[in-house]
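See structure below.
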Amino acid sequence: MGVFVKLINVFVILGIALASVVVPPQNLMTARADVFGPYTADSGPFADNYIHTWCEGRANYIPIWRDSMQDAMDYLDAQTDMTTGTPHQCNDSIDIWYDVFDSSVLGLDVRGSTTCRVAMTPDGVCGSTQIKMNSTLLTTYMARRKTACHEIGHTVGLTHSFGYSTSSDCMISGDYTLTFLNTHHVEHINSRY
Ligand SMILES: [Zn+2]
């Protein structure tokens, strides 16, 4: 924060001379941390609003798949300003269409994926995403819960975590059992939804 405050002071001091090139403080702060939406190489699209619904794309999921997703959605609801809930019927307005495939479909190294199912708006809002989870690789509750948290994060615009993570941060890629969002990512979410 000290550096940030000093930068603001510099901009104030030089405000007249640099009026045409000064970066707004909020954008400067965001750029120094990480990307938040919409759909860059590492981030997901923005969701359309704070109500984040989901459905099970295949009927009769066994509880090990439904529960990890439900628990991760409940966590998003509890930890951020977003509202989730229990599964709905699948349709094109559902926010997350949730499905499970094995490595023969997803690839040997892909634990999960997030894609936009519908046409994205020019400003990067996707009204319906698909999360695919890999049943070959995700063999424990904690692995499924971590990947659910990670892919859900992408569906609201989050990118991957690198150096600035806290100790339990599901936006790190790979084989971990970290099921929380870091506070910076929670602030991203609450700033928009
Ligand atoms: Zn990812």
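Taken together, the values in this text are just the output of simple stated rules run on the coordinates, not laboratory data. What you are looking at is a predicted structure, and each value in this text was computed from that prediction instead of being measured. Backbone-built Cβ (ideal geometry, glycine too); neighbour counts: all protein chains shown.
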Ranked highest first by average number of other Cβ atoms within 10 Å, how do 147-156, 134-143, 176-185, 116-125 line up? 147-156, 176-185, 134-143, 116-125
Pull up the DSSP beta bridges for region 39-193 and report the antiparallel fraction as a percent, rounded to 5. 30
Give me the base-10 log of I(q)/I(0) for region 54-192 at each q in 0.12, 0.15, 0.17 Å⁻¹, Debye formula, one uniform scatterer per Cα, rounded to two decimals. -0.43, -0.70, -0.91
If every Lys and Arg gets +1 and every Asp and Glu gets -1 at its Cβ, then about the Cα centre region 54-192 yields a dipole, in debye to the nearest 20, of 220
Restricting attention to the alpha-carbon atoms of region 59-112, what are Rg (one decimal) and Dmax (integer), both in Å? 12.9, 37
Between 153, 137, 112, whose Cα lies farthest towards the positive end of the dipole of region 90-193 when Lys and Arg beta carbons carry +1 and Asp and Glu beta carbons carry -1, centred on the Cα centre? 137
Once the Cβ-Cβ distance between residue 115 and residue 88 is put in as r, and R0 is 22 Å, what FRET efficiency do you end up with, to the nearest 0.05? 0.70
Answer rounded, prolate or oblate for region 112-167, using the Cα gyration tensor with square roots of eigenvalues a ≥ b ≥ c: rounded when a/c is under 1.5, else prolate when a/b is larger than b/c, else oblate. oblate
